[in-house]
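Beneath this line is the structure, given in structure tokens, with notes to follow.
Nothing in this text is a laboratory measurement; each read-out follows from the coordinates by a stated rule. All of these numbers come straight from a predicted model, not from anything done at the bench. With ideal geometry, Cβ positions are generated from the backbone for all residues, glycine too; neighbour counts draw on all protein chains shown.
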Amino acid sequence: MPQFKHFPLPDVGEGLVEAEILTWHVKPGDTVTVNQIIVEIETAKAAVELPCPFAGVVTELLAEPGKTVDVGTPIIVIDVDPTGEAAPVNGSVEPERVPNLVGYGVKAVTAKRRARVGAPAAVPASAAVSAAVAPVTVVPTPPVIAPEPVAAGGYVPLAKPPVRKLAKDLGIDLAALAGSGPGGVITREDVEQAVAPAAAPAAVASRGERRVPIKGVRKATAQAMVDSAFKAPHVTEFLTIDVTPMMELRAKLKDSAEFRGVKLTPLVFAAKAMCLAVRRTPDVNATWDEAANEIVYKDYVHLGVAAATPRGLVVPKVRDADQLSLRGLAEALEQLTVTARDGKTTPADMMNGTITITNVGVFGVDTGTPIINPGESAILAFGAIRDLPWVVDGQVVPRKVCQLALSFDHRVVDGQQGSQYLADVGALLADPAVAITY
Amino acid sequence: MAAPTMDRSTDTPSAKPQTITMIKGLNQALRTEMERDPKVIVMGEDVGKLGGVFRVTDGLQKDFGEQRVLDTPLSESGIIGTAIGLAIRGYRPICEIQFDGFIFPGFDQIVSQLAKLHYRTQGRIKLPIVVRVPFGGGIGAVEHHSESPESYFAHTAGLKVVACSNPVDAYWMLRQAIECDDPVLFFEPKRRYHEKAELDLAVAPQPLFSSRVLRKGSTATIATYGPMVRTSMDAATAGAEDGLDLEVIDLRSLSPLDLGPVYESVRRTGRLIVVSEAPSESSIAGEIAAKVQQECFYSLEAPVLRVTGFDTPYPPAKLEENFLPDLDRVLAAVDRSLAW
Amino acid sequence: MSSPERWSQPQPSGAPAATAASPTAEQVIAGLRATSEGGPELVQLLTPEGERVEHPDFHIDITPDELRDLYRDMVLVRRADREANALQRQGQLGLWVPLLGQEAAQIGAGRALRPTDMAFPSYREHGVAWCRGVHPNEIVGMFRGVDHGAWDSVAKRFHPYTIVIGNQCLNAAGYAMGQRFDGKVGDDNGEATMVFFGDGATSQGDVHEAFVWASVYDAPLVFFCQNNQWAISEPTERQSRLPLYQRARGYGFPGIRVDGNDVLASLAVTRWALDECRHGNGPVLIEAFTYRMDSHTTSDDATRYRLSTELEEWKLKDPIERVKVHLSRNGFADHDFFDGVQAEADELAAVLREHCVNLPEPPPGRMFDNVYAEPSATLEAQRDEYETYLAGFAGGEH
């Protein structure tokens, strides 16, 4: 196909900024060879003949004789592949490097970072559930991402490196401590005493109020919640399902050889259902990338699972959950829960999720309107499984019933997709045999 | 990535341990290497007939001849430049620069050619050249004879830089430098030239580009090299009376730095003092401080402190005791560190 | 060979030189004359008009075959030079250092060297490189920015280009000293070394120190100075009060000025000089009086500091033209021969272009290779860190 090359006016003398076109030796339509003299230009003192850098057919002369042209401005267009078929003109010219006495000259640099592997630039994941019930509160972000807590005067808390490490290892927020060392420096003893479970940070005053400064983890989490809630248009849909077949299957599998030694909870089935259903509605597993103006569809599912820990709620991810078997998922979830409860979830575990499940049922809660993790487009709340009246074959009978609530980002997921996804998850949980159709 | 082993085939097999000065150690190293390899030559001003202004090359021209021990023209650029040509021709020249302050006419050849030719030719040209430089002050001298220019060379990629601190290291390190295929700047603390130690050839040397813990301690770590090693050991001795238990490490190799033992030490003591005669601005001491704070960040009970010469040209002899770090300044730094 | 007694004494003029800020017309003309004439002691064996002439001290027996070879050498070397120049204009090289006009000096000197001799160039001696078996392909890499010099300098006995002015003279002196120490100097089979540098370099300390070292050690070193009249924008008057070849007198060895545009004179004088060195009578200084027909490098604009009349004068002394005329007039070559050489030259240019534009970009890790002969742990750690960092970018390296 025609390939058009632009030849910019080169600097033929030290510091040349412009030259006048004197005479063209070629015209459009002429065939030219490499090094053929194509034009004569006049610099400040001398006339210079310019050799052609390309072979091909002259398409267009861009400067007339008598015109003064800046160095770097294209002066001729040459089609270096004239026999090919027509294609859109590829006319881009990169900013020219002007050679100096000793080399190529300065390279233009744009103030933009190179794209890195994997990492979306967004704030890392933290799932949340709306405060439907008291114990479930806002999730703190992983410590490595949270900036150093800033004390009242805007300065970093004073502590020596070994003390900082100790505090980090013990999960103590230095900003919450008053330093007993000279100048308010926080000592090792201050940190060790803070580990003792006593809750109230400030001096105990009379009955009334207790003021806790908003900073650090709390502040960052709140910000993330606000970002998510007010950026992504949340829609929440609800579905009540009869999961009796699923519970029966669960009972059966629990006793089987394959599931010996692993805890098989309803959450595992819910996680599996979510991963399967993503295949039919990949939108819920995608990301709205504002900066790149793209929606990113992912082939993998990194499933975030909200977990209650002594430090609060964390949301570690099961990576490539879609590639795990039911047993694999069960193991992963078990491990994840243990790790989280021990407070050992690493920051890496908490990054790059694609969709999240929050098991409100474990608190006995039916349902809620969960808030989507920033960087994701959907979150499913899995409610408590109760014995409730249900209609089966025209009769009202007690069945195992639970509610699912799916919040989704309406920028990425339309009502139809959201509904379809929720319905698919529900169908799989209501009758796991449906999975064979996937 | 093991260091090449030394050629000890021509070592005197059953030499008894002997007490030597650093000068004697250097002289013996030169002699041994010249016997071992006919391509090893010595060149510099006054190195032949006179045996060198410090007598380091004493007796060598008499025994090896004028073609192996060259009294050169008074031209440092020439000494380095022709050594490069000789090395290309297959020789292993040992250049002597008479005093630290006179290395500068040769600086161009050192950084433009000596440091770069191996890289420029993608390894085809090797320059196994040693440039011996008596350095440092404390000898009551006139200007230009008490400089510490080692940082310029540690800063130059393609060169290796070492500094011995005692006669035993002087002997072994010079031999190893001569047998090394890279260009080596070999700094000799001239104020220590006449100090003595026992050299036992039966004790094998450690690798050239490695540091050594001279004194174990727990209060703080002193990292130092060259003339300040003795000063630091004296500080440790004096400090013991105040209950300070100082660990002293002789860096020996300035480029590449072998900081593993320093990191290990700092992780135990939590405190580092770097001691060096050279002025502190943009120095090797600063490089060490940067590396240690990075590697041992969480272990540091105090910032890394440096005890160095001041950022002035080397002063007249009557002021040099003020300029040079002494054991009191080292211990004052230890005190400051402890108070942090 | 000119001896010190015959050398002219410098004429004190009493007036500022042509290099003054506002020279008079007389000064300019005087300056022009000085740059275009070589003086009474210039050794010449082939005039600009292509006529053979005799010289009392130097003489050459040359066959038509050898003459044709020299012609071919110069044509090919010029063609490669022009192609590299064009490649720079087209952005394929960062810069090029042209030798245009200096072909005779370089081919004459280069063809005088024996295989066992060693040569130390500056950075413009692509003609000498040619004689040493270094193909232009091996030179362009450093001007393209992919390496610092690609040829095997030890095997080809042609040192890498030295960009720091004058450094190579001391290195060459050391090498030549080594030849002497090895006992390879003293008879017909002796070895010699030749170092190349320009008129500007003769102001550098290293060059003078090399004169000292080579002379006090009787090193077999030929100092070959190509006085092409200009060091970037500064004329030779800025470098010396007297003709450069006369400097040797101050150091105690012979200096000869040869017509650098005369390949026969260059060859004859250099052969003689190398011979002197082989036999132990070194060193020798040769000043090849020539002209830099192009600019200092491709981004230098010579029109800013020299007059076109000067260029025109030197065009009349073209080194290749005079040989061509001589070959034709004496029936030593016909059209077929000239066309054949031209075709060969064009082919060389095409090969050079092809090689140049296809030179692969060096991988980032190459930056860390060969800094030392023996490994350095700190450098390897730095390399590892950098490669890990690069791996973090989508799309691989760069």
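Of C:Thr47, B:Thr221, A:Thr68, the sequence from fewest to most neighbouring Cβ atoms within 10 angstrom is A:Thr68, C:Thr47, B:Thr221.
About the centre of its Cα atoms, chain B shows a dipole size close to 880 debye [charges on the beta carbon of Lys, Arg (+1) and Asp, Glu (-1) only; nearest 20 debye]. In order along the range C:44-56, the phi-based Karplus estimate (6.51 cos²θ - 1.76 cosθ + 1.60, θ = phi - 60°) of 3J(HN,Hα) comes to 9, 10, 9, 6, x, 8, x, 9, 6, 10, 9, 9, x Hz; Gly and Pro are listed as x.
Can you give the FRET efficiency for B:Arg329 and C:Asp152, using 1/(1 + (r/R0)^6), R0 = 56 Å, r = Cβ-Cβ distance, to the nearest 0.05?
Details: r = 54 Å, r/R0 = 0.96.
E between B:Arg329 and C:Asp152, to the nearest 0.05, is 0.55.
Report summary: the helix-based calculation at 222 nm, which adds -39500 (n - 2.57) for every DSSP H run with n ≥ 4 and divides by the residues of the protein assembly as shown, gives -9500 deg cm²/dmol. Pairs of C-alpha atoms in chain B farther apart than 39 Å represent 12 percent of all such pairs. Shielding of peptide A:111-118 by partners, expressed as the average count of other chain Cβ atoms within 10 Å per residue Cβ, is 3.
Determine how many Å³ per residue the convex hull of the Cα atoms of the range C:314-398 encloses. Mind dumping the intermediate values first?
Working: hull volume 16.8 nm³, N = 85.
So the per-residue Cα hull volume is 197 Å³.
With the cut-off at 23 Å, tell me which of the pairs B:Lys24/B:Lys190; A:Lys112/A:Lys298; A:Lys27/A:Lys67; A:Lys263/A:Lys400; B:Lys24/B:Lys216 have Cα atoms farther apart than that. Correct reply: A:Lys112/A:Lys298; B:Lys24/B:Lys216. Whole-Hz Karplus values for the range B:145-150 come out as 10, 9, 7, 10, x, 4 Hz, taken residue by residue from phi with 6.51 cos²θ - 1.76 cosθ + 1.60 and θ = phi - 60°; glycine and proline positions read x.
Put in line by how crowded their Cβ is, counting other Cβ atoms within 10 Å and starting with the fewest, A:Met246, A:Met225 read A:Met225, A:Met246. Over the C-alpha trace of the protein assembly as shown, radius of gyration and Dmax come out as 40.1, 134 angstrom. Across the range B:69-85, rounded Karplus estimates of 3J(HN,Hα) from the backbone phi angles (6.51 cos²θ - 1.76 cosθ + 1.60, θ = phi - 60°) give 10, 9, 7, 8, x, 7, 6, 5, 4, x, 4, 5, x, 6, 4, 4, x Hz, Gly and Pro being marked x. Residue by residue along B:110-123, Cβ atoms of other protein chains within 10 Å of the local Cβ number 5 on average. Between amide H atoms placed 1.01 Å from N, distances below 5 Å from A:Gly103 occur with no residue 5 or more places distant or on a separate chain. Backbone amide hydrogens, once placed in the peptide plane, bring B:Leu254 within less than 5 Å of B:Val161, B:Val162, B:Ala163, excluding anything fewer than 5 places away on its chain.
Rounded to the nearest 20 debye, the dipole magnitude of the protein assembly as shown is 4100 debye, with +1 charges on Lys and Arg beta carbons, -1 on Asp and Glu beta carbons, and the Cα centre as origin. Under 17 Å from the Cα of B:Lys160, which lysines turn up, not counting those fewer than eight places away in the same chain? Partners found: B:Lys116, B:Lys126.
Here the Debye sum runs over all C-alpha atoms of the range C:26-357 as equal scatterers in vacuum, and log10 of I(q)/I(0) at q = 0.07, 0.08, 0.11 Å⁻¹ comes out as -0.26, -0.34, -0.67. Here's the picture: charge each Lys and Arg Cβ at +1 and each Asp and Glu Cβ at -1 in chain B, and of B:Leu272, B:Ser77, B:Ala339 the one pushed furthest to the positive end of that dipole is B:Ser77.
Most exposed first by the Cβ proxy, i.e. fewest other Cβ within 10 Å, how do A:Asp283, B:Asp58, B:Asp100, A:Asp342 rank?
Numbers: A:Asp283 20, B:Asp58 17, B:Asp100 23, A:Asp342 10.
So the ranking, lowest neighbour count to highest, is A:Asp342, B:Asp58, A:Asp283, B:Asp100.
Straight-line cross-link reach from A:Lys168 at under 30 Å between alpha-carbon atoms covers these lysines, not counting any fewer than eight positions away in the same chain: A:Lys160, A:Lys215, A:Lys219, A:Lys317, A:Lys344, B:Lys291. With both residues required to sit in the range B:212-338, DSSP beta bridges show an antiparallel share near 20%. Taken as Cα centroids, the range C:321-350 and the range B:216-243 sit 79 Å apart, rounded to the nearest whole angstrom.
Let a ≥ b ≥ c be the square roots of the eigenvalues of the Cα gyration tensor of the range B:212-338; is it rounded (a/c under 1.5), or, if not, prolate (a/b larger than b/c) or oblate? Here the range B:212-338 falls in the oblate category. The distance from the alpha carbon centre of the range A:245-298 to that of the range B:19-35 is 77 Å, rounded to a whole number. Near B:Val133: Cβ cut-off under 12 Å, other residues only, Lys/Arg at +1 and Asp/Glu at -1. The net charge is -4. Ratio of Rg to Rh for the range B:13-171: 0.96 [Cα atoms; Kirkwood radius as inverse mean 1/r over pairs].
Taking the C-alpha atoms only, the angle from helix B:22-36 to the longest principal axis of chain B is near 40 degrees. Here's how it looks for B:Ile41: its modeled amide H is under 5 Å from those of B:Arg92, B:Ile94, which are all 5 or more places away or on a different chain.
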